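Below is one structure, written out as structure tokens; comments come after it.
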Amino acid sequence: MNGDVFFTYTCQECSESSTEIFVRDKLSWLQVIVLVLYHLNTKSPGLAKKGFFHWKFQIAAFIEKNWEVLFTKYVKKKKSWTGTVAGTISHFSKYFFLSGTSVIKQQAWWTLKYPKISPYLISKIYNSMMAQKVKCKADKQDVSDIEIFNQILEQNVSKPEMMQPFILTEVETQDVPEMSSDGVDILSPSQIERNIKEKENKETNKRKSLLPTIDNKKFLKLTNSSDGLSDDFTRCAVESQDKKQLEDIMKHKIEDDKKQIKLLNPFCHYDTSLSDIARMRSTNLKIKLLGTVRKEMILSPYSGMYLKPYIRRDVESFPTWLQMMAEIQLTVNKNDPSYSLPPRGPLDFVYVLPEHIPAINCLCNQFFWPGIDLTETLQYPEFSCVVLYRRLIVGFAFLVPNISHTEHYISFIFTRPGWRNAGIATFMLYHLIQTSPGKDILLHVSMSNPAFFLYQKFGFKVEKNVLDFYDKYIRDDVKESKHAFLCRFER
């Protein structure tokens, strides 16, 4: 993780075994939470809500997923460990953490008050602050904790730019602007009041337009769809009634598009546009020509971890469809004694990528019900499995993480007709179960769906019957039952 230097290192020469040794230091809850927030801020800023992360569904979930990395496998979880996370954040809020209540008007969202200071330096500042506090108490000096903290902060931070606190303007330059460009310093109540008064004064003076305050180049880089950009600018221009300015900006945008067509990293969940232009721009020439599986690692926006390009490569399974194709080829070439079957391609089990989404949506709309869009699965690719035979998607499975604190939910498992009964769905289900240690897994299955027996084989048990569960989805002409079993795989 970014900023993680909490190890005791023994070099090769000093080690008794003549090998380098890294031993995890015992971390306090403050160090763990600061480290996780620092990592999320630097590696997965797209998961934040205006720069803030939810303490339970993002911070605590990340800690649980990486428990052995942070605490080692010898430290067991207590039942109330999530409460410790919330209590630690609240206790140190006046020093190191900042609540999002005043910004996004919602509780339980937090970020680092000083995002540019490393976790190691924050740990050092806290230790120095506690030592100074004990010293002041022994000398009977009446000094407040905040004064001690500010003194220690100035002593340990050499660069003034590192002491710059979290401000709302930093967030607005990262996201698509939704508010006025008047940055509000959420650290100072007096500055908040002053900025609100300035905003009211500007509104009374009939400010002409919001358009000049927008950094167009940064805005264009964060925009994948030209339609969405034109809509946003049109809305602003109508409000400001400045048509000439709108034409100038749109002209600038078109020229920018001609010069630079490179979009964001296609593995990042921002790039979820399904337009043909966006898909083609996000792939290199080899992928366009051959359609092969990417060889590079995939960065997950959910956990910030790098995923391998392959989950599994199967060269032994021989589904019915491939058997039929082989028979057709042999029959057509039966008069050619020198003919031999060409080598078959492997079945590649991979994580979901943006270029898979259009084909997956098409299969879902054909075999399940209309209106399904699985673009959001790009936000948590480690809980997915897509099966490819060369360029053809023959199966997929998706799991939605953390629908509650102790539960995951399997939303879709599908294998094409002709490719079934070859172990494809079995491995996909096995993979999803392996990605969810310590969590119960729920799913709904139609009472007439033979996949129910596959779930039973893995240990899923019927928890209850849900009448008319698929009533709004399955068409009347489909013979499949609209009632469903709610099945649970218990940990």
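The values are calculated or read from the model by the stated rules, or taken from the named source; none is laboratory data. Keep in mind the model is a prediction, meaning the values are calculated, not measured. As a convention, Cβ positions derive from the backbone with ideal geometry for all residues, glycine included, and neighbour counts pool all protein chains shown.
Brief remarks follow.
- Spans of helices (runs of 4 or more DSSP H) in the range 266-375 with at least 1 residues over 13 Å from Leu388 (Cβ atoms) and modelled with pLDDT of 90 or more: 320-332, 357-367
- Residue check, Val400 within 30 Å of Glu463 (Cα to Cα), in contact with a Gly (Cβ under 8 Å, 6 or more places away or on another chain) and at pLDDT 90 or above: no
- For the range 11-29, the set of residues classified as in a loop (DSSP other than H, G, I, E, B) and either in contact with a Phe, Trp or Tyr (Cβ under 7 Å, 6 or more places away or on another chain) or not polar (S, T, N, Q) (or both) consists of Cys11, Glu13, Cys14, Glu16, Glu20, Asp25, Lys26, Leu27, listed by residue number.
- Matching residues in the range 29-65 - criterion: being touching a residue at least 40 places away in the same chain (Cβ under 8 Å) and polar (S, T, N, Q): Gln31, Asn41, Thr42, Ser44
- Matching strands (runs of 3 or more DSSP E) fully within the range 430-490 where at least 1 residues are without any contact (Cβ under 8 Å) to a residue 24 or more places away in the chain and surrounded by fewer than 17 Cβ atoms within 10 Å (Cβ to Cβ): 461-466
- For the range 446-463, the set of residues classified as touching a Cys at 6+ places or on another chain (Cβ under 9 Å) and within 19 Å of Gly423 (Cβ to Cβ) consists of Phe452, Tyr455, Gln456, Phe460, listed by residue number.
- Among (1) surrounded by 12 or more Cβ atoms within 10 Å (Cβ to Cβ); (2) in contact with a Gly (Cβ under 9 Å, 6 or more places away or on another chain); (3) among the β-branched types (Val, Ile, Thr) - the single one Val315 does not satisfy: (1)
- Matching residues, the range 75-103, being among the polar types (S, T, N, Q) and either touching a Leu at 6+ places or on another chain (Cβ under 7 Å) or assigned to a loop (DSSP other than H, G, I, E, B) (or both): Ser80, Thr88, Ser93
- Residue within the range 430-445 that is hydrophobic (A, V, I, L, M, F, W, C) and over 32 Å from the mean Cα position of the chain (by Cα) present: no
- The range 104-127: number of residues that are in a helix (DSSP H, G or I) and surrounded by fewer than 16 Cβ atoms within 10 Å (Cβ to Cβ): 3
- Residue check for Thr84: crowded, with 16+ Cβ neighbours inside 10 Å and either within 16 Å of Ser28 (Cα to Cα) or within 22 Å of the chain's Cα centre (by Cα) (or both): no
- Of all the listed residues (Leu388, Leu374, Leu363), the sole one being hydrophobic (A, V, I, L, M, F, W, C) and within 21 Å of Glu296 (Cβ to Cβ) is Leu388.
- For the residues Tyr389, Tyr339, Tyr351, Tyr409, the requirement of being under 19 Å from the mean Cα position of the chain (by Cα) and over 26 Å from Glu490 (Cβ atoms) singles out Tyr351.
- Yes/no for Glu407 being more than 20 Å from Phe458 (Cα to Cα) and of a type in the set (D, E, K, R): no
- Residues within the range 49-69 that are surrounded by fewer than 20 Cβ atoms within 10 Å (Cβ to Cβ) and either of a type in the set (Val, Ile, Thr) or farther than 22 Å from Glu407 by Cα (or both), tallied: 3
- Members of the range 309-342 that are farther than 15 Å from Val394 by Cα and of a type in the set (Lys, Arg): Lys334
- Checklist (1) touching a residue at least 24 places away in the same chain (Cβ under 8 Å); (2) of a type in the set (S, T, N, Q); (3) surrounded by fewer than 17 Cβ atoms within 10 Å (Cβ to Cβ) applied to Ser404, failing item: (1)
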